[in-house]
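Heads up: the structure comes next, in structure tokens.
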Amino acid sequence: MTTPAHTIEEVLGALDHIIRTCEQEGSRQAYFALLYKTMTEAVRDGILAGQFEDGARMEKLDVLFANRYLQAWSQYRQGKAPTQSWRLAFDACKNHAPIVLQHLILGINAHINLDLGIAAALTAPGDEITGLQKDFEKINEIIAALTDDMQSKLEHIWWPMRFIRRVMKKRDEAVIEFSITKARQAAWANASALAQLQGTLADAYIEQMDIAVSVIADRIAQPRSRIAYLLPIIRWWEPGEVHRVIELLK
């Protein structure tokens, strides 16, 4: 799937294609695609319900945002080089050690910490970026809520997951060394900076973003906290078949 999407419905169709393909192949790449489809549906429903200041602008942002992921997935499938952040997320799907939550967070890390700021800057370049902030925060609230819902679902399916929350010092502390709060703050800062840049300056800034996000990806894949000791236990409890995990997460 190399053709860029132009509408949210086209994005949802592309995500359905990815989920079906990955499920047939037994690829763990399906996990993030499934979560992302849920997020995209929530944004679509929010636009239809008038929850955003500018529905048309939000659809533009959502489609630009999604195309970053769709392009990265397509490039990886074709043996081409996506951004380093996405390559690490996709590479991890070949490894049997990471738990389902790690795969989800690796995708969220690349998409929020790298892609969201870029998409926002393209949607509202220059001084227009300041008018986007409220809707930007709203889409982040949707992502955070759905990620939390997915973690709760995982906890009900695999009870050892509940211990992850117990070792967290604060409710908003990093889960597997990732924090939605910090990610959304960084994404807005990057969007504000990128909106003022063009050409090679923008490209250089994005390259540095990708390097920083890749460092976070390494920590998600191989956490150095106490959570690391719980991960093999959780992984042992998870179903080994991708299609079974997908059934449980739907």
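As a check on your grasp of the helix formula, calculate [θ] at 222 nm for the chain: sum -39500 (n - 2.57) over DSSP H runs of n ≥ 4, divide by the residue count, round to the nearest 500. Walk me through the intermediate numbers first.
Values: 12 runs with 171 residues, N = 250.
After summing the helix terms and dividing by residue count, I get -22000 deg cm²/dmol.
Here the Gaussian network model covers the chain, with springs between Cα atoms less than 10 Å apart; of Gln196, Gln102, Gln151, Gln196 fluctuates the most. When each of the peptides 6-15, 68-77, 29-38 is scored by how many other beta carbons lie within 10 Å of its residues on average, the order from highest to lowest is 29-38, 68-77, 6-15. Selection among Ser192, Val11, Gln29 by position relative to the dipole of region 8-249 gives Gln29 as farthest towards the positive end (Cβ unit charges, Cα centre).
For a footprinting-style exposure proxy, rank Val242, Val100 by other Cβ within 10 Å, fewest first. Walk me through the intermediate numbers first.
Working: Val242 20, Val100 25.
Ranking Val242, Val100 by Cβ neighbours within 10 Å, fewest first, gives Val242, Val100.
If you keep only loop residues by DSSP, which chymotrypsin sites (Phe, Trp or Tyr not before Pro) in region 194-239 have at most 10 other Cβ atoms within 10 Å of their Cβ? Answer by residue number: there is no such site. Remark on region 8-249: ratio of C-alpha radius of gyration to 2.2 N^0.38 Å is 0.98. For the chain, find the longest principal axis of its Cα atoms and tell me its angle to the long axis of helix 55-77, 0 to 90°, nearest 10. So the helix axis and the longest Cα principal axis differ by about 50 degrees. To the nearest Å, what is the center-to-center distance of region 60-100 and region 192-245, using C-alpha atoms only? Taking the Cα centre of region 192-245 as reference, the centre of region 60-100 is 11 Å away.
Please compare each pair in Lys37/Lys153; Lys37/Lys138; Lys60/Lys134; Lys37/Lys250; Lys80/Lys138 to a cut-off of 22 Å on the Cα-Cα distance and tell me which ones are over it. Don't skip to the end; give the middle numbers.
Numbers: Lys37/Lys153 16 Å; Lys37/Lys138 17 Å; Lys60/Lys134 15 Å; Lys37/Lys250 10 Å; Lys80/Lys138 34 Å.
Exceeds cut-off: Lys80/Lys138.
The shape of region 1-51 comes out oblate: with a ≥ b ≥ c from the C-alpha gyration tensor, a/c is at least 1.5 while a/b does not beat b/c. Counting 0.36 nm for each residue step from Ala56 to Ala81 and taking away their Cα separation leaves a gain of 5.8 nm.
Here the Karplus relation 6.51 cos²θ - 1.76 cosθ + 1.60, evaluated at θ = phi - 60°, turns the backbone of region 179-193 into coupling constants of 10, 4, 4, 5, 5, 5, 5, 5, 4, 5, 4, 5, 4, 4, 6 Hz, with x for every Gly and Pro. Computed over region 8-249, relative contact order equals 28 percent, with contacts defined as Cα pairs under 8 Å that lie 6+ residues apart. Phi angles of region 135-144 translate, via the Karplus equation with coefficients 6.51, -1.76, 1.60 and θ = phi - 60°, into HN-Hα couplings of 5, 4, 5, 5, 5, 5, 4, 5, 4, 5 Hz per residue; Gly and Pro are given as x.
No lab work stands behind these numbers, since they all come straight from the coordinates. Since we're looking at a predicted model, the values are computed, not measured. Counting neighbours? That spans all protein chains shown, and the Cβs are built from the backbone with ideal geometry, glycine included.
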